[in-house]
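Visitor: So that we are looking at the same thing, I have put the structure below in structure tokens.
The values are calculated or read from the model by the stated rules, or taken from the named source; none is laboratory data. Predicted model only: the values in this text are computed from it and were never measured. Because the Cβ atoms are built from the backbone with ideal geometry, glycine has one as well, and the counts that use them run over all protein chains shown.
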Amino acid sequence: MSFTNLGLSTKVQAAVAAAGYVSPTPIQQQAIPHVLARRDVLGIAQTGTGKTAAFVLPMLTLLEKGRARARMPRTLILEPTRELAAQVKEQFDKYGAGQKLNVALLIGGVSFGDQDLKLTRGVDVLIATPGRLLDHTERGGLLLTGVEMLVIDEADRMLDMGFIPDIERICKLVPFTRQTLFFTATMPTEIRRITETFLHNPEKIEVSKPASTAVTVTQSQVPCGREPHEKRETLRHLIRGATDLKNAIIICNRKREVALLARSLQRHGFSVGALHGDMDQTARMAALEAFRKGELPILVASDVAARGLC
Ligand code: AMP
């Protein structure tokens with residue numbers, strides 16, 4: 001299977017070839033023709049399956065026709081975190097380089113004024129986190145009545161983060177006739193209810209988990225005590241004992257633990273940065289930049305914040 005018979009435009013196919021992709025992943029193979037046919041899609045797929053390109057590539061093809069109007073985005077993509085939103089924007093920049101598209105990010109922590117200015121110029125693709133999007137609609141600076149396509153990505157994460165009421169409000173602000181693409185890794189009852197309410201006769205596509213860990217990754221399980229201080233001690237031991245360790249990402253499942261662990265490691269003399277959802281955008285960007293440059297080679301992150309990293 002190649003990218004040539006999915007119905008993507010010549011420009012988009014050229015961008016895919018330039019990215020070095022030879023064949024579409026299962027979710028791309030199955031979703032792209034339906035998206036191009038303007039069907040609603042319910043994609044049950046995890047990160048790592050190529051699901052982002054499964055909506056970005058056909059969107060780029062469809063957006064080649066038509067132009068954006070001031071304050072009325074043509075398409076809207078909702079992401080649970082700022083990092084994921086930024087990652088999706090990067091994909092538009094990468095595959096849409098040959099098109100004159102206006103792609104805007106509406107995420108918390110970035111100046112309202114700059115975002116507003118972008119909206120007045122007309123936006124083809126608006127990528128947003130739910131809270132910030134609603135802030136803009138409530139201030140009257142944004143109209144969702146021109147949205148032709150709505151993408152709800154990582155819906156089960158949105159549920160974990162308490163965004164479902166926001167999603168429901170947003171779904172009521174976009175036209176009833178829009179096309180909706182909905183992606184989730186799991187289908188808890190609440191998510192099923194939302195899909196039944198807001199998707200019209202969707203094409204359901206379910207792909208299995210991406211192939212387990214890449215062969216270049218060695219996994220191991222390390223026994224340790226139950227107490228937090230015992231876990232921290234084991235971790236310090238592991239870091240000190242590692243040979244040729246250039247950098248490390250440590251993922252915790254609570255924001256509070258991220259801060260605690262980062263502070264503890266710093267007290268023990270390690271160069272550590274932290275990344276979690278309660279930090280403002282400037283602090284998050286600074287932590288990521290310091291990690292990338294190797295200034296703070298150990299990054300402690302919450303599992304949600306870490307989703308945008310890999
Ligand atoms: P995603 O599931 O969207 O987070 O994508 C996972 C990774 O797969 C990203 O790094 C993409 O750049 C990459 N990817 C997406 N589509 C393909 C493809 N058809 N062939 C190879 N890699 C891909």
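Visitor: Among (1) loosely packed, with under 10 Cβ neighbours inside 10 Å; (2) in a strand (DSSP E or B); (3) of a type outside the set (Gly, Ala, Ser), there is one condition His229 misses while meeting the rest; what is its number?
Guide: Condition not satisfied by His229: (2).
Visitor: Let me ask something else about it. Go through the stretch 55-94 and give me each residue that's in contact (Cβ under 8 Å) with a residue 40 or more places away in the chain, of a type outside the set (Val, Ile, Thr) and within 18 Å of Ile27 (Cα to Cα).
Guide: Phe55, Leu57, Pro58, Met59, Leu60 - these are the residues of the stretch 55-94 that are in contact (Cβ under 8 Å) with a residue 40 or more places away in the chain, of a type outside the set (Val, Ile, Thr) and within 18 Å of Ile27 (Cα to Cα).
Visitor: Take Arg226 and decide whether it is more than 16 Å from the ligand (Cβ to nearest atom), closer than 24 Å to Val35 by Cβ and of a type outside the set (Val, Ile, Thr).
Guide: For Arg226, the condition - more than 16 Å from the ligand (Cβ to nearest atom), closer than 24 Å to Val35 by Cβ and of a type outside the set (Val, Ile, Thr) - is not met.
Visitor: Suppose the filter is touching a helix residue (DSSP H, G or I) at 6+ places or on another chain (Cβ under 7 Å), over 18 Å from Phe183 (Cα atoms) and more than 16 Å from the ligand (Cβ to nearest atom); does Arg71 pass it?
Guide: Yes.
Visitor: How many residues are of a type in the set (Phe, Trp, Tyr) and touching a strand residue (DSSP E or B) at 6+ places or on another chain (Cβ under 7 Å) when one looks only at the stretch 61-118?
Guide: Of the residues in that region, 1 qualify.
Visitor: Turning to a different aspect of this structure: Sort out for me the helices (runs of 4 or more DSSP H) sitting completely within the stretch 255-310 that have 1 or more residues that are of a type outside the set (Phe, Trp, Tyr) and modelled with pLDDT of 90 or more.
Guide: 255-267, 281-293
Visitor: Could you say whether any residue in the stretch 203-218 is of a type outside the set (Asp, Glu), touching a strand residue (DSSP E or B) at 6+ places or on another chain (Cβ under 8 Å) and more than 30 Å from Ala97 (Cβ to Cβ)?
Guide: The answer is yes, given that some residue of the stretch 203-218 is of a type outside the set (Asp, Glu), touching a strand residue (DSSP E or B) at 6+ places or on another chain (Cβ under 8 Å) and more than 30 Å from Ala97 (Cβ to Cβ).
Visitor: I'm trying to understand the selection: among the residues of the stretch 246-264, which are of a type in the set (A, V, I, L, M, F, W, C) and out of contact with any Ser or Thr (no Cβ under 9 Å at 6 or more places or on another chain)?
Guide: Those that are of a type in the set (A, V, I, L, M, F, W, C) and out of contact with any Ser or Thr (no Cβ under 9 Å at 6 or more places or on another chain): Ala248, Ile249, Ile250, Ala259, Leu260, Leu261, Ala262.
Visitor: From the set of residues in the stretch 1-26 that are more than 8 Å from the ligand (Cβ to nearest atom) and of a type in the set (Val, Ile, Thr), which is nearest to Thr61 (Cα to Cα)?
Guide: Selected residue: Val12.
Visitor: Right, here's the next one. Just to verify a result, which residue in the stretch 34-45, among those that are under 19 Å from Glu148 (Cα atoms) and within 15 Å of the ligand (Cβ to nearest atom), is surrounded by the fewest Cβ atoms within 10 Å (Cβ to Cβ)?
Guide: Only one residue tops the list, namely Val41.
Visitor: Only one of Leu144, Leu57, Leu76 is of a type outside the set (Gly, Ala, Ser), outside any loop (DSSP other than H, G, I, E, B), at pLDDT 95 or above and away from the ligand (no atom under 16 Å from the Cβ). Can you tell me which?
Guide: Exactly one of Leu144, Leu57, Leu76 is of a type outside the set (Gly, Ala, Ser), outside any loop (DSSP other than H, G, I, E, B), at pLDDT 95 or above and away from the ligand (no atom under 16 Å from the Cβ), namely Leu76.
Visitor: Does at least one position in the stretch 18-32 carry a residue that is surrounded by 22 or more Cβ atoms within 10 Å (Cβ to Cβ), part of a helix (DSSP H, G or I) and touching a strand residue (DSSP E or B) at 6+ places or on another chain (Cβ under 7 Å)?
Guide: Within the stretch 18-32, one or more residues are surrounded by 22 or more Cβ atoms within 10 Å (Cβ to Cβ), part of a helix (DSSP H, G or I) and touching a strand residue (DSSP E or B) at 6+ places or on another chain (Cβ under 7 Å).
Visitor: For the stretch 33-52, what are the residues that are part of a loop (DSSP other than H, G, I, E, B) and basic (Lys, Arg)?
Guide: Selection gives Arg38, Arg39.
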